[in-house]
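Report on the following structure.
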Amino acid sequence: MESKRKFVHHIFESIYDKYDFINNLISLGLHKKWRRDAINRLGDISNCSIVDLCCGTGDFTIALAKKAGNNSLITGIDFSENMLTIAKEKASRENVKNIKFVHCNVLTMPFESNTFDVATICFGLRNIVDYRQALIEINRLLKPNGKFACMDMSHPTIPGYRKLCYGFVKYGVPFIGKLWANKPNEYAWLFESMQNFPDKFQLADEIFAQGFTYPKIKTYAGGIVALHVCTKTMN
Ligand SMILES: C[S@@+](CC[C@H](N)C(=O)[O-])C[C@H]1O[C@@H](n2cnc3c(N)ncnc32)[C@H](O)[C@@H]1O
């Protein structure tokens with residue numbers, strides 16, 4: 001597990017400078033629309049303490065901060081210093097002040113139980129070595145009835161389309177990663193990390209099993225991305 005954590009950490013420490021550009025390229029810019037939609041599905045998030053796990057270069061964190069307004073504080077967490085540096089620069093450039101970035105591992109976060117009203121994780125869960133443990137940790141951090149949203153890669157159900165998507169992620173993404181960042185091996189991680197990640201219903205079952213309401217599921221781009229939204233029911 002420790003070697004996988006180091007491997008994932010190394011990937012993001014090395015692709016940070018091209019991450020946003022390649023994200024835009026491979027999603028055809030659609031990720032911005034998906035993020036906005038996910039945040040809208042959280043409902044009213046004003047006057048909230050919010051934690052955005054695996055915040056990376058901060059796109060989701062900053063969008064949350066803008067929607068939540070200055071009476072909310074958003075804590076963005078990531079274990080890659082390089083990704084966080086980009087996030088901090090972006091927040092400062094956009095003059096967003098209601099964000100605090102914390103450099104730490106999601107599995108060992110320095111927060112007391114029942115601290116946050118809202119927890120989000122966007123394209124992060126799949127990357128965490130022990131994602132079930134992360135769900136337990138998210139549940140611990142949330143106040144009772146706190147909201148949780150998880151957006152991540154998923155598995156399309158239409159067979160031909162699924163094959164097409166897998167082909168693109170397996171061969172196209174590393175090719176783009178080689179062309180634009182000279183990092184084909186790092187971009188091969190996207191496909192690898194999807195392999196052992198559950199489909200949208202299995203993930204909903206796992207979230208439910210960790211003390212949340214059964215998540216509402218919304219898919220994007222024919223099911224290659226899925227959003228799960230729920231609330232904490234118990235510790
Ligand atoms: C694919 S990026 C997603 C970034 C951002 N949330 C977004 O939507 O673009 C995944 C992020 O998870 C972070 N990460 C992976 N495992 C982590 C862990 N155990 N603790 C903290 N951050 C982690 C990586 O450093 C990386 O920045």
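One-quarter of the Cα convex hull surface for region 109-173, in nm²?
On the way: hull surface 23.0 nm².
Its average projected convex-hull area is 5.7 nm².
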**Report entry** Diffusion constant of region 157-216 at 37 °C, which comes from Stokes-Einstein with the Kirkwood Cα-pair radius and 0.692 mPa s, µm²/s
**Finding:** 248 µm²/s
Report task. Considering Cα pairs under 8 angstrom that are at least six residues apart, work out the relative contact order of the chain and quote it in whole percent. Result -> 19 percent
Query - Whole-number Å³ per residue for the convex hull built on Cα positions in region 55-176 - result: 141 Å³
Requested in this report: Under a cut-off of 17 Å between alpha-carbon atoms, report the lysines in cross-link reach of Lys100, not counting same-chain residues fewer than 8 places apart.
Outcome: Lys66, Lys67, Lys88, Lys90
Report task. Under a cut-off of 21 Å between alpha-carbon atoms, report the lysines in cross-link reach of Lys6, not counting same-chain residues fewer than 8 places apart. Result -> Lys18, Lys183
Report task. Normalise the Debye intensity by I(0) for region 39-102, one equal point scatterer per Cα, no solvent, then take log10 at q = 0.21, 0.23, 0.26 Å⁻¹ and round to two decimals. Result -> -0.73, -0.86, -1.07
Report summary line: Working note, region 1-75: Cα radius of gyration (Å, one decimal) and Dmax (Å, whole number) are 14.6, 40
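Using a simple charge model, +1 on the beta-carbon of Lys and Arg, -1 on the beta-carbon of Asp and Glu, nothing else, what dipole does the chain show about its Cα centre, in debye to the nearest 20?
On the way: 30 positive and 22 negative charges, 114 e Å.
I would put it at about 540 debye.
Could you give me D for the chain, from Stokes-Einstein at 25 °C and 0.890 mPa s, where the hydrodynamic radius is the Kirkwood radius over C-alpha pairs? Units µm² s⁻¹, please. Walk me through the intermediate numbers first.
Numbers: Rh = 17.8 Å.
In µm²/s, the coefficient rounds to 138.
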Query raised in the report: Roughly what % of DSSP beta bridges within the chain run antiparallel, to the nearest 5?
Result: 40 percent
Report summary line: With -39,500 (n - 2.57) per DSSP H segment of 4 or more residues and division by the full residue count of the chain, the 222 nm estimate, nearest 500 deg cm²/dmol, is -14500 deg cm²/dmol
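Averaging over every viewing direction, what projected area does the convex hull of the Cα atoms of region 116-235 cover, in nm²?
Numbers: hull surface 29.9 nm².
With the hull built on Cα positions only, its mean projection is 7.5 nm².
Rule-based calculations on the coordinates, nothing more; no lab input. Model, not experiment: these values are computed from the prediction. Positions of Cβ are generated from backbone atoms using ideal geometry, with glycine treated the same way; all protein chains shown enter the neighbour counts.
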